[in-house]
Amino acid sequence: RKAYTVLQSQDGLEGLTVTKRELPDLIITDIVMPNQDGIGTIMSLRKDYPEIKIVAISGGGIDPPHLYLKMAKALGASAVFVKPFDSKEFLGTVDTLLDG
């Protein structure tokens, strides 16, 4: 298994600030978050960093998770996962996205 440096944020707004400062190779975002949700975060990332790889995750909220994740995929998420998800599949996707 590969080792990665991981940065974390409390919400989408903080995540965008960290992205601007660090420019990561891949971003993992939840969809339901305070201050700025994952959909808004994905839209901002695609506008400012079209090349960055994004993995969106959701356990749902007002709507079932598949509805949020369908929108995330349409807006440019590279991969999506419904919580709870299989960690081996998730890490395999991360590896694939970073190697590709």
query = Could you give the accessible area per residue of the chain, probe 1.4 Å, as a whole number in Å²?
reply = 63 Å²
request  = Give me the accessible area of Ile52, 1.4 Å probe, in Å² rounded to the nearest 10.
outcome  = 10 Å²
task = Just subtract the alpha-carbon distance of Arg46 and Tyr4 from 0.36 nm times their residue separation and send over the number in nm, one decimal.
result = 12.9 nm
message = Taking amide H atoms as placed 1.01 Å from N in the peptide plane, list the residues 5 or more away in sequence, or in a different chain, whose amide H sits under 5 Å from that of Phe81.
response = Ala56, Ile57, Ser58
task = Considering Cα pairs under 8 angstrom that are at least six residues apart, work out the relative contact order of the chain and quote it in whole percent.
result = 24 percent
request  = Give the ranking of Glu51, Glu14 by solvent-accessible surface, highest area first, calculated with a 1.4 Å probe.
outcome  = Glu51, Glu14
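Going through the cross-link list Lys20/Lys70; Lys20/Lys73; Lys2/Lys70, which pairs have a Cα-Cα distance over 24 Å in this structure?
Lys20/Lys70; Lys2/Lys70
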ask   = Out of Val32, Leu98, Thr19, whose Cα points farthest toward the positive end of the dipole of the chain (charges: +1 Lys, Arg; -1 Asp, Glu; placed on Cβ)?
value = Leu98
key: Over region 10-56, relative contact order from alpha-carbon pairs under 8 Å, at least 6 apart, %   = 47 percent
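How large a share of the accessible area of the chain, in percent, is made up of carbon and sulfur atoms when the probe is 1.4 Å and the other protein chains stay in place?
56 percent
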task = Distance from a point 7 Å along Cα→Cβ of Ser87 to each backbone N in region 1-37: keep the residues under 17 Å and list them by number.
result = 1-6
note = Looking only at aspartates and glutamates whose Cα falls under 17 Å of Lys53's and that sit 8 or more positions away or on another chain, we get Glu22, Asp25, Asp30, Glu89, Asp95, Asp99
inquiry  = At 7 Å along Cα-to-Cβ for each site, give me the label-to-label distance between Leu13 and Thr96 in nm.
reply    = 3.6 nm
task = Ignoring everything but the protein chains, give the 1.4 Å probe accessible area of Asp86 in square angstrom, nearest 10.
result = 80 Å²
query = For the chain, max minus min Cα coordinate along each principal axis, in Å, sorted largest first?
reply = 36, 30, 23
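The values are calculated or read from the model by the stated rules, or taken from the named source; none is laboratory data. Remember, predicted model here, so these are calculated numbers, not experimental data. Cβ coordinates were reconstructed from backbone atoms using ideal geometry, including for glycine residues, and neighbour counts include every protein chain displayed. The area values use the complete protein model at the heavy-atom level, side chains included, leaving out ligands, DNA and RNA. Shrake-Rupley method; radii C 1.70, N 1.55, O 1.52, S 1.80 Å.
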